[in-house]
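The values are calculated or read from the model by the stated rules, or taken from the named source; none is laboratory data. Keep in mind the model is a prediction, meaning the values are calculated, not measured. Cβ placement follows ideal geometry from the backbone for every residue including glycine, while neighbour counts extend to all protein chains displayed.
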Amino acid sequence: MRMTSSKDLYEAYEKFKVDFEREGKKIIVCAGTGCVAGGALDIYEEFQRLLEKDGLKDQVELIKETEEISLKKSGCPGLCEAGPLVRVEPGDILYTKVKVEDCKDIIQETFVEDRAVDRLFLRIDDEVYPYQHSIPFYINQSRLVLEDCGEVDPESIQDYIARGGYLALAKALEEMTPQEVCDEIVKAKLRGRGGGGFPAGVKWSQVLSYESDMKYIICNGDEGDPGAFMDMCIMEGLPHSIIEGMIIAAYATKAKEGYIYVRAEYPMAVKRLARAIQQARQYGLLGPNILGTDLSFDIHINQGAGAFVCGEGSALIASIEGERGMPRVKAKRTVEEGLWKKPTVLNNVETFANVRNIILKGANWFKSYGTEDSPGTKAFSVTGNVNNTGIIEVAMGTTLREIIYDTCGGIMDGKKFKAVQIGGPSGGCLTEEHLDMPLDFDSLTEVGAMIGSGGMVVMDQDTCIVEVARFFMNFTQNESCGKCVPCREGTKRMLEIMEKIVAGKATMEDLEVLEELAYTVTETSLCGLGKTAANPVLSTLKYFRDEYIQHIVDKKCHAKVCEALKTIRIIPDLCKGCSKCARICPADAIIGKVREVYRIDEEKCIKCGACIESCAFAAIEEV
């Protein structure tokens, strides 16, 4: 159906809303990337087979009401640690770690016998959580952008409209001028969720102010930080929210064409975005004369080749234009000369996904969440040594302690928190002293970190901070486009020194050179990648310098992570002289005679640990 007016949209909303609410008994299978990797699509197909009439007769005896059960896929509800996830409505029953063989029991016990499959409930310590919204992971969140993720079928425009989708667009077109839309975004103080936190409304207003025969809207979906997958979650689960935000931005700035730049490594996101764009065109929400107005706007998908540097604005634009994705020296800002030297709005996925609620509910509603200068919410992907990894959305200003301990269930195995790398390679390291600091754009900048795209890697007491910094330095160096000398050569020299440190071959002079290089690269690099490349090194040097010194002076890695600094020794009082370790050693590094105490030749030892595993008397240890 093609809608030619806002009236058509409102009528579709009323119809689809009734249909959505009448679905009654539902089995909702998470079809986000994490659950799909765990077999969610096979689970969906098994439910589909069992719910078919022939399947019912052969597989399970059901009462008549079972035939009313509907089956649907959803985007990621966030609790990735417990996937694959299956939710049953009505009742808000959440089944975790579901397998194909559980499908029959879920149908039989939940719908026929009116009792839940207890073994599939989430368990935390001694507590059992049968209902999704009773789980602490969800209780402590403020899900505004992600509210419908896990509720609607991402491949159904009808589901999106039933939940109020595109009503914000209709409101903007019917009741607001382009300037008023820009003013509302300015008033809301929506800051770009891609890292820098620049006010989105200011950007839109500037693009509106320029006269041009062509203007562009670009959505940056090039999410490349290790451990970051928030934007992927939104693109996969709520593609229409991004499209609606971009259309509103087009109306506000008088743009005519849009691009979503998304990594080719996100095939499901690409597929669902393409389907959503096609549906929006069919419904008259993209293309000429949207909803019967003068607004004509269309969106194209541009797949990136996986270069981390293309997350930087000028490199991304160069890539869309068909050139090599390398940063440019910008004589003029993107709002004046962006894509093909035309005024361009460039915001990231989460920024556009926030627009719908701001226009529909107002700037004051949006500012009721978060802090004065960083209102609203922020989505984070939390990975590492926490009990509940996944996607969360919390109000700006929420503390690190609340996120790690209340929402994500604390550190695994009861270990002590050590640090968190926030904002990916461009971010910085936060420590125990920052646990009660509010997480917002300005607070993080003050301590030498940044929100970045929102990736959060939590580390426990057994993490080697030096190795973590080396890992991120290696990532950044590999992703450097090589255009400017400070980043191309500086990151390479920094990585070489980091590798010397973890190999136990560095000197204190090397540490001084490392720090000097870090500041030089930060101050002289061309683009944002180079200017933030040294952040992991600088922040870990600031808070964990003693670990660097331990690696350099003592040649020790207290976490026993750095292979070259490991020492394996035989405890004389425990050694029985059985010779088993000597016989199993692949490097012939264990010397001695039967019934006498053996010793290890450290020059020959390759630290493989085979001797430790083979010793029946626990006489060999790693120090």
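Note on the range 283-340: among residues that are surrounded by 13 or more Cβ atoms within 10 Å (Cβ to Cβ) and among the polar types (S, T, N, Q), the one that is nearest to C527 (Cα to Cα) is S314.
Applying the set (1) out of contact with any Asp or Glu (no Cβ under 7 Å at 6 or more places or on another chain); (2) under 30 Å from S314 (Cβ atoms) to Y548 leaves exactly one unmet item: (2).
Among the residues of the range 212-221, are any touching a residue at least 12 places away in the same chain (Cβ under 8 Å) and within 16 Å of F380 (Cα to Cα)? Yes, that holds for at least one residue. Report yes if P199 is of a type outside the set (S, T, Y), surrounded by 24 or more Cβ atoms within 10 Å (Cβ to Cβ) and in contact with a Lys or Arg (Cβ under 8 Å, 6 or more places away or on another chain), otherwise no. Taking the combined requirement at face value, the residue does not satisfy it.
Just a yes or no: is a residue in the range 593-604 in a loop (DSSP other than H, G, I, E, B) and closer than 24 Å to D462 by Cβ? Before you say what the answer is, go through the steps one by one.
Taking the range 593-604 as the starting set, the residues that turn out to be in a loop (DSSP other than H, G, I, E, B) are 593-598, 601-604.
Next cut, closer than 24 Å to D462 by Cβ only: 602.
Looking for residues that are in a loop (DSSP other than H, G, I, E, B) and closer than 24 Å to D462 by Cβ, one finds at least one in the range 593-604, hence yes.
Annotation note: Cβ proximity below 7 Å between a residue of the range 357-368 that is over 18 Å from E174 (Cα atoms) and a residue that is in a helix (DSSP H, G or I) and among the β-branched types (V, I, T) (sequence gap 6+ or interchain) occurs for F366/I358.
Looking at M498, M494, can you tell me which residue is under 24 Å from V420 (Cα atoms), of a type outside the set (D, E, K, R), touching a residue at least 24 places away in the same chain (Cβ under 8 Å) and out of contact with any Lys or Arg (no Cβ under 8 Å at 6 or more places or on another chain)? If you could, list the steps in order and put the result at the bottom.
Numbers: M498 fails: out of contact with any Lys or Arg (no Cβ under 8 Å at 6 or more places or on another chain).
Step by step, each of M498, M494 is checked, and only M494 is under 24 Å from V420 (Cα atoms), of a type outside the set (D, E, K, R), touching a residue at least 24 places away in the same chain (Cβ under 8 Å) and out of contact with any Lys or Arg (no Cβ under 8 Å at 6 or more places or on another chain).
Going residue by residue through the range 447-457, is there one that turns out to be touching a strand residue (DSSP E or B) at 6+ places or on another chain (Cβ under 9 Å), surrounded by fewer than 16 Cβ atoms within 10 Å (Cβ to Cβ) and closer than 27 Å to E312 by Cα? Checking the range 447-457: at least one residue is touching a strand residue (DSSP E or B) at 6+ places or on another chain (Cβ under 9 Å), surrounded by fewer than 16 Cβ atoms within 10 Å (Cβ to Cβ) and closer than 27 Å to E312 by Cα.
Run down G55, G24 and say which single residue is modelled with pLDDT under 90, assigned to a helix (DSSP H, G or I) and surrounded by fewer than 19 Cβ atoms within 10 Å (Cβ to Cβ). Outline the logic, then answer.
Numbers: G24 fails: assigned to a helix (DSSP H, G or I).
Sole residue among the options that is modelled with pLDDT under 90, assigned to a helix (DSSP H, G or I) and surrounded by fewer than 19 Cβ atoms within 10 Å (Cβ to Cβ): G55.
Among residues of the range 105-129 that are in the same structural domain as R87 (by TED's automatic domain parsing), those with a Cβ under 8 angstrom from a residue that is among the hydrophobic types (A, V, I, L, M, F, W, C) and surrounded by fewer than 15 Cβ atoms within 10 Å (Cβ to Cβ), sequence gap 6+ or separate chain, pair up as V112/I63; D118/V128; F121/V128; L122/V128. The single condition from (1) crowded, with 19+ Cβ neighbours inside 10 Å; (2) modelled with pLDDT of 90 or more that E89 fails is (1). Checked against (1) surrounded by fewer than 18 Cβ atoms within 10 Å (Cβ to Cβ); (2) more than 17 Å from V468 (Cβ to Cβ), T407 meets all criteria but (1). Of the residues making up the range 281-316, those that are part of a loop (DSSP other than H, G, I, E, B), free of Cβ contacts under 8 Å to residues at least 60 places away in the same chain and among the charged types (D, E, K, R) number 1.
Across the range 360-385, the qualifying residues are those that are outside any loop (DSSP other than H, G, I, E, B) and polar (S, T, N, Q), and the one among them that is farthest from K203 (Cα to Cα) is T383. Within the range 557-602, the set of residues being touching a Ser or Thr at 6+ places or on another chain (Cβ under 8 Å) and within 30 Å of P536 (Cα to Cα) comprises A559, V561.
Listed by position, the helices (runs of 4 or more DSSP H) contained in the range 183-280 that have at least 1 residues being farther than 28 Å from G322 by Cβ, assigned by TED's automatic domain parsing to the domain that holds I301 and hydroxyl-bearing (S, T, Y) are 200-209, 239-253. Could you figure out which of (1) at pLDDT 95 or above; (2) not in a helix (DSSP H, G or I) isn't true of R123? Just one mismatch for R123, condition (1). Look at the range 231-254: where a residue is closer than 19 Å to A162 by Cα and a partner is part of a helix (DSSP H, G or I) and among the hydroxyl-bearing types (S, T, Y), sitting 6+ places away or on another chain with Cβ atoms under 9 Å, you get I234/S241; E236/T33; L238/Y160; P239/Y160; H240/Y160; S241/Y160; E244/Y160; G245/T351.
How many residues, within the range 257-306, are polar (S, T, N, Q) and more than 23 Å from K7 (Cβ to Cβ)?
Restricting attention to the range 257-306, the residues satisfying the condition of being polar (S, T, N, Q) are 278-279, 282, 289, 293, 296, 302-303.
Then keep just the ones that are more than 23 Å from K7 (Cβ to Cβ); that gives 278, 302-303.
Of the residues in that region, 3 qualify.
Could you go through the range 346-359 and let me know if any residue there is part of a strand (DSSP E or B), hydrophobic (A, V, I, L, M, F, W, C) and crowded, with 17+ Cβ neighbours inside 10 Å.
Narrowing the range 346-359 to residues part of a strand (DSSP E or B): 346-348.
Then drop every residue that is not hydrophobic (A, V, I, L, M, F, W, C), which leaves 346.
If we keep only those that are crowded, with 17+ Cβ neighbours inside 10 Å as well, we get 346.
Scanning the range 346-359, I find at least one residue that is part of a strand (DSSP E or B), hydrophobic (A, V, I, L, M, F, W, C) and crowded, with 17+ Cβ neighbours inside 10 Å, so the answer is yes.
Going through (1) in contact (Cβ under 8 Å) with a residue 12 or more places away in the chain; (2) surrounded by fewer than 19 Cβ atoms within 10 Å (Cβ to Cβ); (3) of a type outside the set (S, T, N, Q) one by one, Y166 falls short only on (2). Within the range 565-592, work out how many residues are in contact (Cβ under 8 Å) with a residue 12 or more places away in the chain, among the aliphatic types (A, V, I, L, M) and assigned to a strand (DSSP E or B). Residues in the range 565-592 being in contact (Cβ under 8 Å) with a residue 12 or more places away in the chain, among the aliphatic types (A, V, I, L, M) and assigned to a strand (DSSP E or B): 3 in total. The single condition among (1) in contact (Cβ under 8 Å) with a residue 60 or more places away in the chain; (2) surrounded by 15 or more Cβ atoms within 10 Å (Cβ to Cβ); (3) not in a loop (DSSP other than H, G, I, E, B) that K542 does not satisfy is (2). When the test is whether a residue is touching a helix residue (DSSP H, G or I) at 6+ places or on another chain (Cβ under 7 Å), farther than 30 Å from M498 by Cβ, of a type outside the set (S, T, Y) and surrounded by 18 or more Cβ atoms within 10 Å (Cβ to Cβ), C562 does not pass it.
The residue list S142, S156 contains one member that is under 26 Å from the mean Cα position of the chain (by Cα) and more than 25 Å from G24 (Cβ to Cβ), which is S142.
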